[in-house]
Amino acid sequence: MQQYRTHRVAITERARTVLRQLIECHGAVLFHQSGGRAEGSSPVCLPVREFRIGGADVLLGYLPWHTEFWMSAEQYELWKHTHVTVDVVNGRGSSCSLEAPENVRFLLRSRLLTDEEVATMPPPCTGADRLT
C-alpha cells in the first residue's frame, strides 16, 4: 500500500494566478494567518522581507513558488485538525495585504482532517525552529 503525505494547506487555481501576479510584482511573498483579527479567515499576503516570523508561529506548509504559509500559535491551536485551502474572492480585505489594490482578497476554506491524515503528519515547524 502506497502512503501519501498529507498537506495542511492548498491553493485554488484562481488564487494561484493572483499569487503568481503578486510574486512577479513584489518578489517572494508569504501568507500569515493570525488570530483575533477583524478579517476573520482572511490571511495576509506580504513580501517576505517585510514580515518577521515570530518564534511561536507555525509553518502550515508551502504553496507554489516556495510560498510559506504561517499561522499564529493561538490560531493553530484552534485549527490544528484542519486542512485549509487558500482561495480568492472579489472585494477588499485587509488593506495591508498585497492583493487589496486588485479588489480581491484571499480567504481560507477549511475542512477537518481525517484521523488517518492526522496520523501521517509530522509535527509542524515553528519560527523558533528557524533560529536553531
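Assorted remarks:
- Relative contact order of the chain, defined on C-alpha pairs under 8 angstrom at six or more residues apart (%): 31 percent
- The calculated 222 nm mean residue ellipticity attributable to helices in the chain amounts to -6500 deg cm²/dmol, summing -39500 (n - 2.57) over DSSP H runs of n ≥ 4 and dividing by all residues.
- Summing Cβ point charges (Lys, Arg +1; Asp, Glu -1) relative to the Cα centre of the chain gives a dipole of roughly 180 debye.
- Listed peptides 109-116, 58-65 by packing density, highest first (mean Cβ within 10 Å): 58-65, 109-116
- Counting only alpha carbon atoms, the long axis of helix 13-26 and the longest principal axis of the chain meet at about 60°.
- Most positive-pole-ward Cα, Thr12, His32, Leu113, against dipole of the chain from beta carbon charges: Thr12
Values quoted throughout were computed directly from the atomic coordinates according to the rules given, and no laboratory measurement underlies them. Just so it is clear, the model here is predicted, and its values are computed rather than measured. FYI the Cβ positions are ideal-geometry reconstructions off the backbone, even for glycines, and counts take in every protein chain you see.
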